[in-house]
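Structure first, commentary second.
Readers should treat all values here as calculations from the given coordinates under stated rules, not as data from a laboratory. Please read these numbers as outputs of a predicted model, since none were measured by experiment. Here the Cβ positions follow ideal geometry from the backbone for every residue, glycine too, while neighbour counts run over all protein chains shown.
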Amino acid sequence: MSFRILGATIVRILRQLLHDPRTIAMLIVVPALLLTLVYFMYDDQPAVFDRIALVMLGVFPFVIMFLVTSIAMLRERTTGTLERLLTTPLGKLDLLFGYGVAFGLAAAVQASVAAGLAYWLFDLDTAGSTWLVILIAVINAVLGVALGLFCSAFARTEFQAVQFMPVVAVPQILLCGLFVSREQMAGWLEAISNVLPLSYAVEALQQVGANTDPTATLWRDIAVVSGCVVVALVLAAATLRRRTA
Amino acid sequence: MTSAIEVQDLIVERGKRRVLHGLTCTIPRGSVTGLLGPSGSGKTTLMRAIVGVQVVASGSITVLGEPAGSAPLRSKVGYLTQAPSVYADLTVRENARYFASLYGYDAATADRAIADVGLAKASRQLVATLSGGQRSRASLACAIMGEPELLVLDEPTVGQDPVLRDELWKQFHDLAGKGATILVSSHVMDEAGRCERLLLIREGALIADDTPSAVRERAGTDDLDEAFLRLIRAQVAA
């Protein structure tokens, strides 16, 4: 790995994003619109809004960055740029970390705007700090990037790539404790939810919602999600082959 | 050392099909070597094997004294894929500067490569808005920059206007004059005469490995197109 190449790759990916203002607008506006929708849905139940909005702030960057990354990486594979990159001094980790950092930064902007709106306009109430919410959102986004990099290896076309979203994201969202609290699930469902990273991300958010100061559970959850990021990146690196048939 | 590339008994299979059947050849340093043959003959597969992105079934390839695709070669070898492989959502200059930075070259080197392929005026244009010919030149700029020791170019002149094609060939010879080794594939026979050596390949087997004049002599005709045809017929008859 080289910091020069990693830096150049981050700048290149961000430039690609900057040339696509519609995508940037959607990255920022869509979460804000959906939060607005939820706000008015639970107009007279601020406690319910607090619960749902907090989880949305964390889950949204995960889903969006998973999709964006799967497509971006699939494009690298299908347009031949990946093959070309692998004949240059670029290392696999330069590329993978490049995507992680670049889209992580994009997610930080997205999460900050969404959190700003939720806290100041919609009076979202959490016992803990807004910054922790944004931190968890960014880690979730990087998890989405890492899983997207990995899953893109199993898609030949964009049609296939987008369908990994329901496969990877929806079960995690259903089982993360947002709809049914995890303790109330059937044992086998709880067991599944115990091995899904998003369960820990959502628990971390709920810890911020309920406690003024960061708890041990919060730090453990953040560590678990970060560990999953590392595992997904290692798996993604294993799918990047310099030589192909 | 006089040879830049040594290919020994190379066998490549793609899917269930055998694409290269035990191919052996050497490519001298500081030369422009043309790799010619009809489409589907295995040109691209051989080039991919030389730059180290092709899974090979057996055989060996030594490039600049190292096994093909090994890490020390990655800063010495420039590779142009047949389909333009540049980022359509970046400008020509952003593409060139990104690839320059991977090799550790500065922005001026990238800009010079853009000028060398005749794209200086379009350097601020998004690649997606370029014509097909311009797009492949943008891709070429990213391969030739910094004067690599070995340039592997898969059909670099397809779809380019004759004046520009002429200029590109002059550049290839300039680079070779400075010691670079250039392997250019083409299926256009009129380009074969511009090479110092020719590799004629058909259905994954080498049918000639010689200078253009020797190929003409062996086939008994001055027309390389006709020479290629005669060599194939002679091989089929044998």
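Find which of B:Leu126, B:Ala110, B:Ala100 sits farthest along the positive direction of the dipole of the range B:86-147, computed with +1 on the beta-carbon of Lys and Arg, -1 on that of Asp and Glu, about the Cα centre. Among B:Leu126, B:Ala110, B:Ala100, the one farthest towards the positive end of the dipole of the range B:86-147 is B:Leu126.
Among A:Thr78, A:Val38, A:Thr126, which residue has its Cα furthest toward the positive end of the charge dipole of chain A, with +1 on Lys/Arg Cβ and -1 on Asp/Glu Cβ? Going by the charge dipole, the pick is A:Thr78. Cα-based values for the range B:1-76, radius of gyration first and Dmax second, are 12.2, 37 Å.
Taking every residue in A:77-83 and counting other chain Cβ atoms within 10 Å of its Cβ, the average works out to 5.
When the Kirkwood radius is taken over all Cα pairs of chain B, what Stokes-Einstein diffusion coefficient follows at 25 °C and 0.890 mPa s, in µm²/s?
Working: Rh = 18.3 Å.
This corresponds to a translational diffusion coefficient of 134 µm²/s.
Counting Cβ atoms of other protein chains within 10 Å of each Cβ in A:85-92 and taking the mean gives 6.
Counting other Cβ atoms within 10 Å, keep those with at most 13, restrict to DSSP loop, and tell me which trypsin sites (Lys or Arg not before Pro) in the range B:166-238 are left. Show your work: numbers first, answer last.
Numbers: sites: B:Lys170, B:Lys178, B:Arg194, B:Arg197, B:Arg202, B:Arg216, B:Arg218, B:Arg230, B:Arg233; in loops: B:Lys178.
Of the trypsin sites (Lys or Arg not before Pro), the ones in loops of the range B:166-238 whose Cβ has at most 13 other Cβ atoms within 10 Å are B:Lys178.
Rounded to the nearest 5, the antiparallel percentage of DSSP beta bridges internal to chain B is 55%. Compute, for the range B:86-147, the length of the dipole vector about the Cα centre, with Cβ point charges of +1 (Lys, Arg) and -1 (Asp, Glu) only. Units Debye, rounded to 20. Dipole magnitude for the range B:86-147 comes out near 200 debye. For the pair A:Ala191 and B:Arg233, a Förster radius of 56 Å applied to the C-beta separation gives a FRET efficiency near 0.20, rounded to the nearest 0.05. This model, with +1 at the C-beta of Lys and Arg and -1 at the C-beta of Asp and Glu, gives the range B:157-238 a dipole about its Cα centre of some 240 debye. For the range A:10-57, the Kirkwood estimate of hydrodynamic radius, built from reciprocal distances between every pair of different alpha carbons, is 12.4 Å. Selection among A:Thr87, A:Ala114, A:Ile64 by position relative to the dipole of the protein assembly as shown gives A:Thr87 as farthest towards the positive end (Cβ unit charges, Cα centre).
Temperature 4 °C, viscosity 1.567 mPa s: under these conditions the Stokes-Einstein estimate for the protein assembly as shown, based on its Kirkwood radius over C-alpha pairs, is 52 µm² per second.
With the simple model of a label 7 Å out from the Cα in the direction of the Cβ, A:Met41 to B:Thr221 spans 7.5 nm. Considering only beta bridges that DSSP places wholly inside the protein assembly as shown, some 55 percent are antiparallel. On the basis of the beta-carbon distance and an R0 of 30 Å, B:Gln171 and B:Ala128 show a calculated FRET efficiency of 0.70. A Förster distance of 35 Å, applied to the separation of the beta-carbon atoms of A:Val162 and B:Ala205, puts the FRET efficiency at 0.20.
Considering all C-alpha pairs of the range A:3-239, those separated by over 22 Å amount to 53%. What the Kirkwood sum gives for the range B:86-147 is a hydrodynamic radius of 10.8 Å, with every pair of different alpha carbons counted.
Could you give the dipole magnitude of the protein assembly as shown about its Cα centre, charging the beta-carbon of Lys and Arg +1 and that of Asp and Glu -1, in debye to the nearest 20? It would help to have the intermediate numbers written out before the result.
Numbers: 41 positive and 43 negative charges, 175 e Å.
So the dipole magnitude of the protein assembly as shown works out to roughly 840 debye.
What are the trypsin sites (Lys or Arg not before Pro) within the range B:1-71 that DSSP puts in a loop, where the Cβ has at most 11 other Cβ atoms within 10 Å? Provide the component values of the computation, followed by the final result.
Details: sites: B:Arg14, B:Lys16, B:Arg17, B:Arg18, B:Arg29, B:Lys43, B:Arg48; in loops: B:Lys16, B:Arg29.
Passing both the DSSP loop test and the Cβ count: B:Lys16.
Where does each of A:191-202, A:160-171 land if you order them by average Cβ count within 10 Å, highest first?
Values: A:191-202: 19.9, A:160-171: 15.4.
The peptides rank, most packed first, as A:191-202, A:160-171.
The mean count of C-beta atoms from other chains within 10 Å of the C-beta of residues in B:76-88, rounded to a whole number, is 4.
Can you give the extra length, in nm with one decimal, that the chain gains between A:Ser2 and A:Trp131 once fully stretched, where that is 0.36 nm per residue apart less the Cα-Cα distance?
43.4 nm
In sequence order, the range B:172-181 has phi-based couplings of 4, 5, 4, 4, 5, x, 7, x, 6, 9 Hz under the Karplus curve 6.51 cos²θ - 1.76 cosθ + 1.60, θ = phi - 60°, and Gly or Pro positions carry x. Against chain A, whose longest principal axis comes from its Cα atoms, helix A:197-210 is set at around 40 degrees.
Let me know the volume per residue of the alpha-carbon convex hull for the range A:106-245, in Å³.
On the way: hull volume 18.9 nm³, N = 140.
Value for the range A:106-245: 135 Å³ per residue.
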